[in-house]
1. In segment 123-155, how many are exposed (fewer than 10 other Cβ atoms within 10 Å of the Cβ) and under 28 Å from LEU38 (Cα atoms)?
2. Mind listing whichever residues of segment 38-47 are within 11 Å of VAL74 (Cα to Cα) and in contact (Cβ under 8 Å) with a residue 24 or more places away in the chain?
3. Out of the residues in segment 51-96 meeting the condition of being in a loop (DSSP other than H, G, I, E, B) and surrounded by 13 or more Cβ atoms within 10 Å (Cβ to Cβ), tell me which one is modelled with the lowest pLDDT.
4. Just checking, how many residues over segment 31-59 are more than 14 Å from the chain's Cα centre (by Cα), closer than 24 Å to ASN92 by Cα and not acidic (Asp, Glu)?
5. Limited to segment 1-32, what total is found for residues that are surrounded by 11 or more Cβ atoms within 10 Å (Cβ to Cβ) and within 24 Å of ASP112 (Cα to Cα)?
6. Considering segment 68-114 alone, what residues qualify as being β-branched (Val, Ile, Thr) and in contact (Cβ under 8 Å) with a residue 12 or more places away in the chain?
7. Of the conditions (1) over 18 Å from the mean Cα position of the chain (by Cα); (2) in a helix (DSSP H, G or I), SER3 satisfies every one except a single condition; which number is it?
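The values are calculated or read from the model by the stated rules, or taken from the named source; none is laboratory data. It should be emphasised that the depicted structure is a prediction, and the values quoted were computed from it without experimental measurement. Neighbour counts run over all protein chains shown; Cβ positions are idealised from the backbone, glycine included.
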Amino acid sequence: MKSPARTPAGAALSASALDLFKVSSSLLAAGDRLVAPLGLTSARWQVLGTIVAAERPQPVAWLARDMGANRQNVQRIVNDLAQEGFVDFADNPHHRRASLVVLTVAGRQAFDQAMVREAPWMDRLADGLAVKDLEAMHRVLRLLRQRLDEEAGDGGA
């Protein structure tokens, strides 16, 4: 079977897609090992980071949107974090059933400790890489996420 014709940019992105999946998987596994002593996983760490980055407490659906994740998966992780005492729930004045997720002192401490571990890890991974290349990668990944979000919003048409 003949391969479909692609633009040069489409071919280059296609060639990178498998590497992106592998890097994502490896990054999550390494992140799990890094924060396991803190009672976290990469997924829990990501949720805590999203809560920290928010300007104010948000419901799970908003956290999931900000993460580009499935609401049900984020709800499960938030429930686990609540059982561990890392987050709590507060009344939402705008929606009775969608509680706001609030970071606890223990959650803030766990996140801060994770970030202390993250700094030297990222420095090791970035060693020898040009800052301009990493910044270009960041711009490309953000644009790809934006396009994927847009496609998901219009049914992928």
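1. The number of residues fulfilling the criteria is 3.
2. So the first thing to find is which residues in segment 38-47 are within 11 Å of VAL74 (Cα to Cα), and the list is 43-44, 46-47.
Listed by number, the residues that qualify are ALA43, ARG44, VAL47.
3. Pass one, segment 51-96, residues in a loop (DSSP other than H, G, I, E, B): 54-57, 68-70, 84-86, 91-96.
Among the residues that remain, those that are also surrounded by 13 or more Cβ atoms within 10 Å (Cβ to Cβ) are: 54, 57, 69, 84-86, 92.
Details: ALA54: 93, PRO57: 93, ALA69: 90, GLU84: 96, GLY85: 97, PHE86: 98, ASN92: 85.
Among them, the one singled out is ASN92.
4. Residues in segment 31-59 being more than 14 Å from the chain's Cα centre (by Cα), closer than 24 Å to ASN92 by Cα and not acidic (Asp, Glu): 4 in total.
5. Of the residues in segment 1-32, 6 are surrounded by 11 or more Cβ atoms within 10 Å (Cβ to Cβ) and within 24 Å of ASP112 (Cα to Cα).
6. The initial filter retains those residues of segment 68-114 that are β-branched (Val, Ile, Thr), namely 74, 77-78, 87, 101-102, 104-105.
Passing the criteria: VAL74, ILE77, VAL78, VAL87, VAL101, VAL102, THR104.
7. Among (1) over 18 Å from the mean Cα position of the chain (by Cα); (2) in a helix (DSSP H, G or I), SER3 violates only (2).
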